[in-house]
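A short reminder: the numbers here are calculations on the coordinates, not readings from a lab. Quick caveat, the model's predicted, so the values are computed rather than measured. Neighbour counts are summed over all protein chains in view; Cβ atoms, including those assigned to glycine, are modelled from backbone coordinates with ideal geometry.
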Amino acid sequence: MKLNNLRQRKTCVFRFLIELNIIIFLLFFFRSSVFSAIKQGTVEILRGQYNLDDARFKAVYSENGPIYGLSLSANLLAPLNFYLDIKYFQREGALTYTKEKTRFFLLPLSLGLRAVVPIGVLNPFIGAGGDFYTYYEDNPIGTVFNFTNGYHFIAGFYIQAGPLPLFFSARLKYTRAQAEEEKNRRIQLGGFETLLGFGLIF
């Protein structure tokens with residue numbers, strides 16, 4: 001079982017590296033079009049709430065909690081926009097039977113494409129992409145360090161702060177990312193995110 005888990009982890013890492021190399025190639029290939037216009041990309045600070053779908057997680061930890069992140073984007077071919085998000089989520093709880101302290105850490109990395117439709121200062125968007133989740137759980141029973149892949153759908157909007165290269169954003173994201181642990185036990189790490197952001201246009 002442990003050998004299979006090790007192989008699954010190596011497969012997840014290998015797939016992630018392939019996806020990352022493809023994205024880097026696309027950015028390099030389209031570099032002339034990406035940097036030819038005035039507003040080509042954004043860097044954005046995110047804060048929101050994350051609610052995991054898994055019932056066992058909700059029994060041990062609070063149902064939701066704050067999530068923090070950083071988002072980078074670049075225009076490829078209008079109206080398509082590439083984005084890369086990296087976020088951090090942490091919860092503390094108590095084991096169901098022993099009530100001993102347990103901690104959970106989640107590091108989601110998301111890659112995707114979205115269509116952005118400018119309407120004056122309002123820029124609504126909708127998109128989808130893939131996710132690579134790293135998670136760690138620590139308690140007196142033991143520790144778990146694992147990886148998994150997933151996918152997501154996202155929708156939201158940007159509001160530009162007048163002529164300044166600044167903007168505010170709001171978005172709703174839903175992710176499916178199921179991880180398999182020992183004894184064929186599965187945990188659903190995905191769920192709904194509501195996020196607010198503040199960023200810089202360059």
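Cβ neighbours within 10 Å, averaged per peptide: list 91-98, 131-138 in order, most packed at the top.
The most tightly packed comes first, giving 131-138, 91-98.
Sticking with the crude label model, points 7 Å out along Cα→Cβ, report the distance from LEU196 to ALA115 in nm, one decimal please.
Result for the modelled spin labels: 3.0 nm.
Between PHE153 and THR98, what FRET efficiency comes out of the Förster formula 1/(1 + (r/R0)^6) with R0 = 35 Å and r the beta carbon distance, rounded to 0.05?
Numbers: r = 38 Å, r/R0 = 1.08.
Using R0 = 35 Å, I get an efficiency of 0.40.
Most exposed first by the Cβ proxy, i.e. fewest other Cβ within 10 Å, how do SER110, SER71 rank? Walk me through the intermediate numbers first.
Details: SER110 24, SER71 20.
In order of increasing Cβ crowding within 10 Å: SER71, SER110.
Can you give the extra length, in nm with one decimal, that the chain gains between ARG186 and ASN51 once fully stretched, where that is 0.36 nm per residue apart less the Cα-Cα distance?
46.9 nm
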